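Below is one structure, written out as structure tokens; the observations come after it.
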Amino acid sequence: MTDQSSTTPTTRARLRVDPIACDGIGMCAHTAPGLITLDRWGFPLLAGDSVENADGDDLRELTTAAAACPRRALFIERSR
Amino acid sequence: MNLAVTPTSAKATAILNHVVYHPLHGPGLAWAETAQTLQHHLAQYGQRENWTGRLPALLARLANSALTGRGGAHFPAARKWHAVATAGSAPALVANGAEGEPWSAKDATVLQLRPHLVLDGLAAAAESLEAADVVIWLAAEATLTIHAVHTALVERSAAQLGDPPIRVVTAPHHYLSGESSSIVNALTTGVALPAFQRQPAAIAGIHSRPTLVQNVETLARIGLLARPAEITAPAQLVTVVSQAGRFVTEAHPSQTISDMVTAANTKFALPELSHAPPQAVLLGGFGGAWLPWTEAAGLPLQEFTLRQGGHSLGAGVIALLPQHSCGLRQTSSIMNFMAESSARQCGPCTFGLPQLADLFDKLASARINRRSLRKLDQTLALVAGRGACHHPDGAVRLAASASVAFAADIDSHRRRGRCLNGPGRPWLAVPRGGVR
């Protein structure tokens, strides 16, 4: 059993949208349909749950979704 | 003049000792009342303390009194101040007197009648926090309020009270002109519309400087706290709204909604009470919640207690709906205002609020069917929490509470195509909205 206190601290990562910057273009949902769907007006509905113990693959998925936005309206919020 | 006068204890801890009347429409205008002069202010409340270099002591008083903000969100003042103080040096300080809520007149009352209490609180904040910029934010149309503030500033300057430099900034009034991020945005970029804040204003506000935005009533309470007299459990100013006008009065924590309505009724016989108790009250403001009178009457005007029951004092508005008036019609007129007042910066608000207003128009005119009721529920869920500011959340709260409080009317409108109550116009006229 590994000693938890000696491993890297847990990182929680969450995808968030700036609703003012967002113009409902929808590239985010097109790029990452597992993470983002669009409402009846074309605006993003985010999965909402933060990814616990976000590792490299998780963060790459979130970063790709955020990078898809032509308005740079998506960002990753990190917390410990 | 002799300034060393001991204040009378009861009056020294209250802002108001009577009911103040304002006409129903327009910016607050305290009728047949005059501003308290500096001399009378000092006679009633005594001298305030100087708070330079004494932030921990003032924070302790804020914490002990459990003072919460009176702008609508009721956030603990001590916590907000602590965030600003630890965020960096030379913060900006804004006294928010814009009073965006159309039916509220409490901020106009405190600025027009007790400006020196507000300015004392503002000075205490500026001294203790070592503010680099101190602003009073007012609506440009509120001429009486602006005059009262300027007169008070001139009095204090002449008396050499040692206030920090204070600048008065005015902007055209709209529903969101008193919204916290709109104020920070206006003072940074000149645009008085909400901004998406990745960090709260307390940490990075005007020109990225730590910024404290505090409602003028909150500052008046701080003005009271910043004095030797101990104050626990601060009171609340409320605006009772009737077709007869608006009545601002001070509610102590043990007093109820019914007590405040009675106080207003004593000043002027309210038509909503003429033959029977009111049907319902709208508590908070346009973004507040409808409550049937039976549920509302006994509620104490204390935010902590209200929250435990799932309620909130909001902007302190208590609007009355009489028996035989259609609450759905009243709600429909407010929902139209809320849609018109969107800043139209966020998709769910821009598209959702007009759809909610349309659905309520249908509800009010008895053209509603089950499918529309389902669409109402779905639309409410799609709008809540998805704007940069809380405007859409208020619209959702209002609509959801109307669905519950006026459920019997909805049923009658749907099944029988007519109202349980009278047909016709909304009981209380709602102004036109629009921010740009």
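The values are calculated or read from the model by the stated rules, or taken from the named source; none is laboratory data. None of the values given here were measured: they were computed from a predicted structure. Using ideal geometry, Cβ is built from the backbone for each residue, glycine included, and neighbour counts are taken over all protein chains shown. With ligands, DNA and RNA removed, areas are computed over all heavy atoms of the protein, side chains included. Shrake-Rupley method; radii C 1.70, N 1.55, O 1.52, S 1.80 Å.
A few notes on this one:
- The phi torsions of segment A:24-39, fed into the Karplus equation with coefficients 6.51, -1.76 and 1.60 and a -60° offset, translate into couplings of x, 6, x, 5, 4, 5, 5, 7, 10, x, x, 9, 9, 10, 10, 7 Hz, rounded to whole numbers, with Gly and Pro shown as x.
- Under 5 Å, built H, 5+ apart or other chain: amide partners of B:Gln279: B:Leu321, B:Gln323
- Acute angle (nearest 10 degrees) that the helix B:407-416 long axis makes with the longest principal axis of chain B, alpha-carbon atoms: 30 degrees
- Cα pair count fraction exceeding 16 Å, expressed as % - segment B:204-257: 61 percent
- Carbon and sulfur %, accessible surface of segment B:37-121 computed with the full protein complex present, 1.4 Å: 57 percent
- Phi to ³J(HN,Hα) by Karplus 6.51 cos²θ - 1.76 cosθ + 1.60 over segment B:239-248, Hz, x for Gly, Pro: 10, 7, 10, 9, 4, 6, x, 10, 10, 9
- Ranked by how many other beta carbons lie within 10 Å on average, peptides A:25-33, B:352-360 from highest: B:352-360, A:25-33
- Rounded tilt (10° steps) of B:370-383 against the dominant C-alpha axis of chain B: 20 degrees
- Prolate/oblate/rounded call for segment B:358-436, Cα gyration tensor, a/c under 1.5 rounded: oblate
- The mean number of partner chain beta-carbon atoms within 10 angstrom of a residue's beta-carbon across peptide A:20-27 is 4.
- Estimated vicinal HN-Hα couplings, Hz - segment B:176-189 in sequence order (Karplus 6.51, -1.76, 1.60; Gly, Pro = x): 9, 6, x, 6, 3, 6, 5, 5, 4, 4, 4, 7, 9, 10
- Helix-only arithmetic for the protein assembly as shown: the sum of -39500 (n - 2.57) across DSSP H runs with n ≥ 4, divided by the residue total, places the mean residue ellipticity at 222 nm at -11500 deg cm²/dmol.
- Neighbouring Cβ atoms from other chains, within 10 Å of the Cβ of residues in B:80-88, number 0 on average.
- Neighbouring Cβ atoms from other chains, within 10 Å of the Cβ of residues in A:36-45, number 4 on average.
- Of the peptides B:65-72, B:190-197, the order by per-residue mean of other Cβ atoms within 10 Å, starting with the highest, comes out as B:65-72, B:190-197.
- Cα Rg, Dmax (largest Cα-Cα span) when computed across the protein assembly as shown, Å: 24.4, 79
- Look at the Cα gyration tensor of segment B:338-384: its axes a ≥ b ≥ c give a/c of at least 1.5 with a/b at or below b/c, and that counts as oblate.
- Distant-in-sequence amide contacts of B:Asn215, defined by a placed amide H-H separation under 5 Å and a gap of 5 or more residues or a different chain, comprise B:Arg70, B:Gly71, B:Asn96.
- For segment B:312-367, the alpha-carbon radius of gyration amounts to 1.29 times the rule-of-thumb value 2.2 N^0.38 Å expected for a compact globular protein.
- Cα shape, chain B, gyration tensor, a/c 1.5 rule: prolate
- Acute angle (nearest 10 degrees) that the helix B:115-129 long axis makes with the longest principal axis of chain B, alpha-carbon atoms: 70 degrees
- Highest-first arrangement of B:383-396, B:23-36, where packing means the average Cβ count within 10 Å: B:383-396, B:23-36
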